[in-house]
Amino acid sequence: DVKVTQSSRYLVKRTGEKVFLECVQDMDHENMFWYRQDPGLGLRLIYFSYDVKMKEKGDIPEGYSVSREKKERFSLILESASTNQTSMYLCASRRGQAGEQFFGPGTRLTVL
Amino acid sequence: AQSVSQHNHHVILSEAASLELGCNYSYGGTVNLFWYVQYPGQHLQLLLKYFSGDPLVKGIKGFEAEFIKSKFSFNLRKPSVQWSDTAEYFCAVIVNTGGFKTIFGAGTRLFVKA
């Protein structure tokens, strides 16, 4: 059974803190993605990676960075968390260019 | 810019009612089309997908969708919903604009009354 796991289901942080969200997939997929999900806005792409050490900005990269040092792991970093980054963060992976994505359970981040 | 529109943000149905959720996209080239579902407390998962061939595709749990190229639509249908279909449904499109990009709709929350 394919699996994408995320390090935390719920996270509460304070404004200005540095936040790390970790994602691991066990399917040997080349492509990995970070989205944020907000009510009424659907899924918005923050960053994606198509290979180790490669990254591309998505639609809303401001305030975020990513790291992909190993194929199975893709990390999202909030350098200095702000209250407008309170959201549900979803990680996904995909084999190839145009197939289905497999999603993790999500991390609900609250920034106070 | 490419976009995906889901016409209904909230839908409330009684059990056994028929369901149709609209999805339209704006892109003139070849597309791959998906419907994903997110049940309460669970992760997003694939419901069905269309790449090519028969424009009527069948997915899990009795869902189907029809790709109508001339209308840029990929509507989701189910003839008789169940309480367990209560979930949020997302339409997604992959377009090739020099790289493959997935665009998601805003989602439709379906609540089925028992």
Candidates A:ARG73, A:ARG44, filtered to the one that is in contact with an Asp or Glu (Cβ under 8 Å, 6 or more places away or on another chain) and farther than 20 Å from B:PHE100 by Cβ: A:ARG73
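Per-residue answers, yes or no, for (1) under 17 Å from A:THR15 (Cα atoms); (2) in contact (Cβ under 8 Å) with a residue 60 or more places away in the chain; (3) open to solvent by 50 Å² or more (accessible area, probe 1.4 Å):
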{"position": "A:TYR50", "(1), (2), (3)": "no, no, yes"}
{"position": "A:LYS53", "(1), (2), (3)": "no, no, yes"}
{"position": "A:LYS70", "(1), (2), (3)": "no, no, yes"}
{"position": "A:SER75", "(1), (2), (3)": "no, no, no"}
{"position": "A:GLU79", "(1), (2), (3)": "yes, yes, yes"}
When residues of the stretch B:32-61 are limited to those that are touching a helix residue (DSSP H, G or I) at 6+ places or on another chain (Cβ under 9 Å) and open to solvent by 10 Å² or more (accessible area, probe 1.4 Å), the one nearest to B:PHE74 (Cα to Cα): B:PRO55
Yes/no for A:LEU90 being within 10 Å of chain B (Cβ to nearest Cβ), closer than 17 Å to A:THR5 by Cα and either surrounded by fewer than 19 Cβ atoms within 10 Å (Cβ to Cβ) or modelled with pLDDT of 95 or more (or both): yes
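Would you check which residues across the stretch A:101-112 are open to solvent by 30 Å² or more (accessible area, probe 1.4 Å) and in contact with a Phe, Trp or Tyr (Cβ under 6 Å, 6 or more places away or on another chain) and list them? Spell out how you get there, then give the answer.
Just the residues of the stretch A:101-112 that are open to solvent by 30 Å² or more (accessible area, probe 1.4 Å), to begin with: A:102, A:105, A:108, A:110, A:112.
A:ARG108, the sole residue that qualifies.
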First in the stretch A:98-112 and more than 18 Å from A:CYS23 (Cα to Cα) and within 8 Å of chain B (Cβ to nearest Cβ), second anywhere and open to solvent by less than 20 Å² (accessible area, probe 1.4 Å) and modelled with pLDDT under 95, Cβ under 8 Å, 6 or more apart: A:ALA98/B:ILE94
Residues located in the stretch A:2-37, provided they are modelled with pLDDT under 95, open to solvent by 20 Å² or more (accessible area, probe 1.4 Å) and of a type in the set (A, V, I, L, M): A:VAL2
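Quick check on this structure: which one of A:GLY40, A:GLY63 is at the interface with another protein chain (Cβ under 9 Å from one of its Cβ atoms) and either open to solvent by less than 60 Å² (accessible area, probe 1.4 Å) or charged (D, E, K, R) (or both)? Working first, answer last.
Values: A:GLY63 fails: at the interface with another protein chain (Cβ under 9 Å from one of its Cβ atoms).
Going through A:GLY40, A:GLY63 in turn, just one is at the interface with another protein chain (Cβ under 9 Å from one of its Cβ atoms) and either open to solvent by less than 60 Å² (accessible area, probe 1.4 Å) or charged (D, E, K, R) (or both): A:GLY40.
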Options A:ILE46, A:ILE60, A:ILE77; residue that is touching a Gly at 6+ places or on another chain (Cβ under 6 Å) and of a type outside the set (D, E, K, R): A:ILE46
Spans of strands (runs of 3 or more DSSP E) in the stretch B:1-102 with at least 1 residues touching a residue at least 60 places away in the same chain (Cβ under 8 Å): B:3-5, B:10-14, B:19-21, B:24-26, B:31-38, B:73-78, B:87-96
Matching residues, the stretch B:65-114, being hydrophobic (A, V, I, L, M, F, W, C), more than 9 Å from every other protein chain (Cβ to nearest Cβ) and open to solvent by 70 Å² or more (accessible area, probe 1.4 Å): B:PHE72, B:TRP83, B:PHE111, B:ALA114
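The values are calculated or read from the model by the stated rules, or taken from the named source; none is laboratory data. Bear in mind that the values here come from a model prediction, so they are computed numbers and not experimental data. With ideal geometry, Cβ positions are generated from the backbone for all residues, glycine too; neighbour counts draw on all protein chains shown. Areas reflect the complete protein model, heavy atoms only, side chains present, ligands, DNA and RNA absent. Shrake-Rupley method; radii C 1.70, N 1.55, O 1.52, S 1.80 Å.
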